[in-house]
1. List, please: which pairs have Cβ atoms under 6 Å, are six or more places apart or on different chains, and start with a residue in the range 483-505 that is open to solvent by 20 Å² or more (accessible area, probe 1.4 Å) and end with one that is not in a loop (DSSP other than H, G, I, E, B)?
2. Quick check, is L98 surrounded by fewer than 22 Cβ atoms within 10 Å (Cβ to Cβ) and either part of a helix (DSSP H, G or I) or aromatic (F, W, Y) (or both)?
3. Conditions first: (1) under 20 Å from Q430 (Cβ atoms); (2) open to solvent by 10 Å² or more (accessible area, probe 1.4 Å); (3) modelled with pLDDT under 95; (4) assigned to a helix (DSSP H, G or I). A442 passes all but one, so which condition is the exception?
4. So which of G598, G538, G533 ends up being touching a Gly at 6+ places or on another chain (Cβ under 9 Å) and either at pLDDT 85 or above or part of a loop (DSSP other than H, G, I, E, B) (or both)?
5. Just to be sure before I move on: is I58 open to solvent by 50 Å² or more (accessible area, probe 1.4 Å), assigned to a helix (DSSP H, G or I) and at pLDDT 90 or above in the structure I sent?
6. Of the residues G582, G598, which single one is surrounded by 12 or more Cβ atoms within 10 Å (Cβ to Cβ) and over 22 Å from F432 (Cα atoms)?
7. Got a number for residues in the range 664-688 being of a type in the set (G, A, S), open to solvent by 50 Å² or more (accessible area, probe 1.4 Å) and either in contact with a His (Cβ under 8 Å, 6 or more places away or on another chain) or at pLDDT below 85 (or both)?
Amino acid sequence: MRVAPTNAEEQQSVRGILLAGGQLGALWSLAVAQPLFDLFSRSPEFFAVRGSPPGDIILFALGVTLVPPAVLLAIEVLAGIVLPGLRPVLHLLFVAALAAVGGLYVGNRLFTASGTWLLLASAALGGLAAFVYLKVSAARTFLTVLSPAPLVFTGLFLFASPVTRLVFPVEAKDPSAVAIQSTTPVVLIVFDELPTVALMNEAEEMDGVRFPAFARLARESTWFRNATTVHAHTHRAVPAILTGRVPAEDALPVLSDHPKNLFTLLGGRYDLRVFESLTRLCPSDLCETSEPDPFGARLESLGLDLGVVYLHMVVPASLRSRLPPVGENWSNFLGQDEEADDERPAGSATAGIREAARRMRSCGRKICNFAGLITRSTKPTLFFLHSLLPHAPWHYLPSGRRYTGAPRNLPGQLDGRLGDDAWVAAQAYQRFLLQLGYTDRALGVVLDRLRAERIYDEALVVVVADHGASFRPGEPRRNATPANLVDLAFVPLFVKQPGPPRGRIADAPARTVDVLPTIAEALGVRIPWEVEGRSLLGAVRPVDGSVTIPDQDGEPITRELGSLLAERRRALAEQVGLFGTGGWDDVYALGADPVLLGAKVDELRVVSDPKLRGRALLGSARQGAGVSPSYVTGRLEGVSPGQTLAVAVNGAIAAVTRSYGDGDAVAFSALVPESVLRAGDNDIEIFVARRGTTPPTVERLRTARR
């Protein structure tokens, strides 16, 4: 078999290697590099929010186009040295594999066939491509002509796409200097993905049993109960808070696109102690905490995230739910940094970090690190935290523990849209609420730290969220639509002015762009640029207004505030119907059959039939100081979607759930209360419940024990 020039002569061998390398480069670029370039050209925030310097982006572009085909070519050459006839065979296999991958990518974009059929069709396409390459010289010539494709695609990506603004950033110019006489400490905490309704009880007041820290803050500040955001995505919503302006749809969350912001306004006078999560608006010379990670760590994180992103592009939709979700935080899709966050601080950590770690149990989302920054200073200080709480992925409990069991997967969600299964959507809301309990614990730690350092009473404290989240079946969780606008628009906003705490509820319209003007007025500072927000202090505000959030295409969705509030009351009634108010027992008891919940397994009629596949948390599950086996999940055989399941812990039914369709499989998940778990090993079993029998009949799911 002769598919390319061989080593008949040294010159021909070199020519053959170059031709083979060019062909592999062309195929790789078409199948992998160009799809990635196209995606990131439309989503340059992937690099912006992770703080990628220009060198990293250039290295990414060159690496993704040149390194993999070079590795494949090296394998060919080395194989040819060992066994001369092996090189053309390997080359043909590589051609088939790359054609199959490219076909899988195109098939995923054009068809909705099952995963099995797409995989088989792509494999057949790869075989056909290899056959044509072997038999038709014009096909080999065509691939050779395409050899410059890697350089062309790389050049277009770096020099003719929105990424160009990150590769060649325009130097940001600070706004005109303003005189600041105030010495008032400023604390600005921005939570992420937090709808106001989630904090409320049936009276539209703060649920002080589940969320004592938020309730305490509401009693000591002005709670703008009807505050709304201006955007449903963090990379637009947080800059709006920090600049007082609604960002342009093409603006990136970086300093060069938002040079006029809270940090540059106060930086000449204030000490800035800043934790930005998904924005890079604070100048590095003013915010030491905004410095990028070491090069090796950035490269590793980028490589891992790229792998997950590409898998989402080529894995068929019916199988994609098994992958870690992307698009939630723009980075860290495997959660490796989050696990590191949860490690207990070493002995060299500050007293503030150690105390926060003791109270939090799991130091997730940089809360302990931020608490350690809170110390009293002779210089006026801005304390800023954008926390990725209670944002997905959800894996924290109100106790402070972190649960295991593949929690980064969001059942029922595909491409950012919840499925039509109302049960799965309700379970997503359940997990969110439990993580919101952890968020309340985090807020309490920060507020107590401010009090311990004698900062709280004299400080201007503003707590807000960037946007809400929707848990409506069939609707996007984050992209705004007329149906979910009520869930995304309303966000908590609290303003505690310096001096003795005074609490009140203000129902006048307020927007997140009002935060910066409010801070400026409290400090007596003139903002040297035009803002769209208005200070919330003192001025009489209208009793009604309109709420506008752009959809995913940038088109505005507008509703009158009054009608949106009526819709929020209906959403609150649905929430209370599902989860009650006060305490966490009702949240854990979502959908529970009162006959089954709490029953002893020995008191039930137990039979065996179905089989459970996937034993991750079954059998013996261990509870530790910072980790809980509360989240039980798996895939099922012999069970159809919609069947009632009972989860037994240590011989008693602790949770009731339902099976659901998960692509081509049937799966389940449930959260059991920590109160039923004991330290050390816990015995966990799953049963299918049969209706209408006395005593209740359940079928034990057979599973291998640990």
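The values are calculated or read from the model by the stated rules, or taken from the named source; none is laboratory data. Remember, predicted model here, so these are calculated numbers, not experimental data. Neighbour counts run over all protein chains shown; Cβ positions are idealised from the backbone, glycine included. In case anyone asks, the SASA skips ligands and DNA or RNA and just uses the protein heavy atoms, side chains included. Shrake-Rupley method; radii C 1.70, N 1.55, O 1.52, S 1.80 Å.
1. Pairs that qualify, where the first residue is open to solvent by 20 Å² or more (accessible area, probe 1.4 Å) and the partner is not in a loop (DSSP other than H, G, I, E, B), are P498/L460; G503/R219; R504/T222; I505/W223.
2. Spelling it out, it is not the case that L98 is surrounded by fewer than 22 Cβ atoms within 10 Å (Cβ to Cβ) and either part of a helix (DSSP H, G or I) or aromatic (F, W, Y) (or both).
3. A442 satisfies every listed condition except (2).
4. G533
5. Answer is yes for this residue.
6. G598
7. Final tally of qualifying residues: 1.
Table: residues versus (1) at pLDDT 95 or above; (2) within 23 Å of V209 (Cβ to Cβ).
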residue	(1), (2)
R401	no, yes
N409	no, no
Q427	no, yes
G437	yes, yes
E453	no, no
